[in-house]
Structures are given as C-alpha cells and as structure tokens.
Amino acid sequence: MIQIFSTFEHSTNLELAIRSLEKCGIDIENIFAVPLTNRKTERKMFDSIHRSDGISLISTGAILGTALAVIGASVGFKLAWGPIYWGLIGTGAGFILGLLIDLFYYKVIKKQQRLLRGKNSEVILIVECEENTSDLVEDILWHHFALGTARIMPS
C-alpha cells in the first residue's frame, strides 16, 4: 500500500477529485481529507533573540545613513554648525528614512503581493492505494488542480 499526500485549496475541485477517485475504485475509507488552519495574524516585523525571519529592516537605513552622513559632513563645512553636527544629522535622517522605506515595502507592497498571489493550501488529502494504481491516483489529483503531491511507502 502507498499513501499519496496532496494539498488543495478548499474548492469544488477537491470534491471532484474525491468523486473521481471513488469512481476509479478507491474506497472512501482509504481517502482522508484534513482541513488546515491558515495563519490569520500578520507576521511580526521586529525580530527577537530567539526568532528571526531573515528580513532586515536596518540594512537600507544603514546604507542611507552612511550616504547622508557623508553628504551632510561635506556640506557641513559651509554651514554654521560644522561638518560633525551635519554628519550626525545626516546619519539620523538617513537611518530613519531607510527604516520607513523598509517598513512601507514589507507592510504594504509585500502584503499586496501575498494577497494577489493567493493560493494557500487549505486541505491535505491523503489517499491510500495499491502500488499499481498510484500513478492513476496522482494523475487524477493533478487533473483536479492539486497544489502539490507526495508519495510515501509505509514500512
């Protein structure tokens, strides 16, 4: 016996896939559908010591802070407060500007891309079948728009 795991969106295609599997001789006792609970809350933007998602919010701030510090220091020779103060002002302004750019990018633009992309796995379908019908079962699942499949041979 082989187990075939597949993921689907919760739609009529899932129901049609189950009915097609039944018509091909797979018993309903060998078909198991598990609904998933998808994340409803947004991911946290700021990392902690124990958790990091690989997104750095300070890299753009550091780059802009450095660039504006150099510009502020060089222009500061002609201004009243001098190059050190204007370099520090440029550093702070650049860092805050970079941080705001990154926050806007990850909160607004990336969120819209995730929403437009859609296609969340909502149901896992597990089908237990004989080895000689596994190709047919997998073809039926792909025909009914499975998001992904995997085969496992129980030991």
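When you scan the range 105-125, do you find a residue that is β-branched (Val, Ile, Thr), assigned to a helix (DSSP H, G or I) and either in contact with an Asp or Glu (Cβ under 9 Å, 6 or more places away or on another chain) or modelled with pLDDT of 85 or more (or both), even just one? Break it down into steps so the answer makes sense when it comes.
Our first condition is that a residue be β-branched (Val, Ile, Thr); within the range 105-125, this holds for 108-109, 123-124.
Retained after the next criterion (residues that are assigned to a helix (DSSP H, G or I)): 108-109.
The next check asks that each one be either in contact with an Asp or Glu (Cβ under 9 Å, 6 or more places away or on another chain) or modelled with pLDDT of 85 or more (or both); those that pass are none.
Checking the range 105-125: not a single residue is β-branched (Val, Ile, Thr), assigned to a helix (DSSP H, G or I) and either in contact with an Asp or Glu (Cβ under 9 Å, 6 or more places away or on another chain) or modelled with pLDDT of 85 or more (or both).
Tallying residues that are at pLDDT 90 or above and more than 17 Å from Met1 (Cα to Cα) within the range 126-145 yields 6. Picking from residues in the range 142-154 that are under 15 Å from Glu15 (Cα atoms) and touching a helix residue (DSSP H, G or I) at 6+ places or on another chain (Cβ under 6 Å), the one that is surrounded by the most Cβ atoms within 10 Å (Cβ to Cβ) is His144.
The values are calculated or read from the model by the stated rules, or taken from the named source; none is laboratory data. Quick caveat: nothing in here was measured; it's all calculated off a predicted structure. Note: ideal-geometry Cβ built from the backbone for every residue, glycine included; neighbour counts use all protein chains shown.
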